[in-house]
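Written out below as structure tokens is the structure these notes cover.
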Amino acid sequence: MRVQCADRHLDLSTPAIMGVINTTPDSFSDGGTLYRNQRLDLDAALARARSMVDEGAAILDIGGESTRPGAAPVSLQQEMDRVLPLVERISAELDVVVSVDTSSPGLMSAAAAAGAGMINDVRALQRAGAVQAAAASGLPICLMHMQGEPGDMQQSPHYGHVVDEVVDFLAARVAACESEGIERSRLLVDPGFGFGKTVDHNLQLLAQLANFSALGLPILVGLSRKSMIGKLLGRAVHERLPASIALALLAAERGAAIIRTHDVAPTLDAIRIWRAMEQRDC
């Protein structure tokens, strides 16, 4: 399967790697690492982007609003100031699909004009004007499930049946997009691991990830360095690479089309070994 992302194509015939670049000072894993004197170092961010492309990332996901548990919202201007200069530089200098991780309609429109090839929205286009902005952009959109908002989503997550409820939510958001003229060929879905879910909810979603194939859309997963690893294994954020790779492989086996990760090269190596075994088994 190939997805048209502005002037680039994304090949999803095998799981694609999406590298994470946070331009925020407070993201849970790498917040602030691209800052110098309390300002985003654009050259350092571009160098990280180039490194991820060299390591095999097919997509780079650029975010300017931290969505870690307990995170406070940022203004649209802050978000645009953090994201747009990097989108412009990457689009001009690197051969890679640029995804913008945003819920803000204004940034969706500006990012599309700046060269972005995808919109990745943790709020599934539920903000006022977001569906319309996404539709007008012409870009593919990933719709993610989140219970609550980042500031409160992990306080007391509750579901009757987490898998069914997340599938039903995403199906409803797909229908809402279609009603605004967004073709299904432009849509992807993400169960939202860690966004308003307990460890047990996350494990249930991963175990039954194949259920999301009923939506008939590519599945994106983000499990890299998540707090569930810390809770299960007692590992600090910088010690979570082996478990992150294990989760990526489990997701790929269950149908994930895009793996979102902070660690491109080792994750891609693991996927390539898995694919070699899959092809031999055939």
| note | If we keep only residues of the stretch 122-150 that are hydrophobic (A, V, I, L, M, F, W, C) and over 25 Å from ARG2 (Cα atoms), then the residue modelled with the lowest pLDDT is MET146
| said: I'd like the full set of residues that are among the small types (Gly, Ala, Ser) and more than 19 Å from the chain's Cα centre (by Cα), limited to the stretch 136-165. | reply: ALA136, SER156, GLY160
| request: List the number of the failed condition for GLU79; all other conditions in (1) closer than 24 Å to SER227 by Cβ; (2) in contact (Cβ under 8 Å) with a residue 40 or more places away in the chain; (3) not hydroxyl-bearing (Ser, Thr, Tyr) hold. | output: (2)
| query | If we scan the stretch 85-103, do we find a residue that is acidic (Asp, Glu), assigned to a helix (DSSP H, G or I) and touching a residue at least 12 places away in the same chain (Cβ under 8 Å)? | reply | yes
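Would you please name the residue that is farthest from ASP101 (Cα to Cα), looking only at residues in the stretch 7-38 that are at pLDDT 90 or above and aliphatic (A, V, I, L, M)? Walk me through how you get there before you give the answer.
Here is the first cut: in the stretch 7-38, the ones at pLDDT 90 or above are 7-21.
Now narrow it down to the ones that are aliphatic (A, V, I, L, M): 10, 12, 16-18, 20-21.
Working: LEU10: 17, LEU12: 20, ALA16: 17, ILE17: 15, MET18: 12, VAL20: 10, ILE21: 10 Å.
Ranking the candidates gives LEU12 first.
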| note | Going through the stretch 34-84 in order, the residues found to be in a helix (DSSP H, G or I) and of a type in the set (Asp, Glu) are ASP43, ASP54, GLU55, GLU79, ASP81
| task | Answer yes or no: is there a residue in the stretch 106-118 that is in contact with a strand residue (DSSP E or B) (Cβ under 6 Å, 6 or more places away or on another chain), crowded, with 23+ Cβ neighbours inside 10 Å and either assigned to a loop (DSSP other than H, G, I, E, B) or polar (S, T, N, Q) (or both). | result | yes
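Run down ILE271, ILE219 and say which single residue is under 23 Å from ARG48 (Cβ atoms), among the β-branched types (Val, Ile, Thr) and in contact with a strand residue (DSSP E or B) (Cβ under 9 Å, 6 or more places away or on another chain). Before the answer, list the steps.
On the way: ILE219 fails: under 23 Å from ARG48 (Cβ atoms).
The unique qualifying residue is ILE271.
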| Subset tally (residues that are among the hydrophobic types (A, V, I, L, M, F, W, C), modelled with pLDDT under 85 and either surrounded by 16 or more Cβ atoms within 10 Å (Cβ to Cβ) or within 20 Å of GLU88 (Cβ to Cβ) (or both)) for the stretch 39-75 | 3
| Top-ranked residue of the stretch 222-272 - restricted to ones that are out of contact with any helix residue (DSSP H, G or I) (no Cβ under 9 Å at 6 or more places or on another chain) and of a type in the set (A, V, I, L, M, F, W, C), ranked as nearest to PRO69 (Cα to Cα) | ILE258
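The values are calculated or read from the model by the stated rules, or taken from the named source; none is laboratory data. Predicted, not measured: the structure shown is a model, and the values here were computed from it. When we count neighbours, we look across all protein chains shown, and the Cβ atoms used for this are built from the backbone with ideal geometry, even at glycine.
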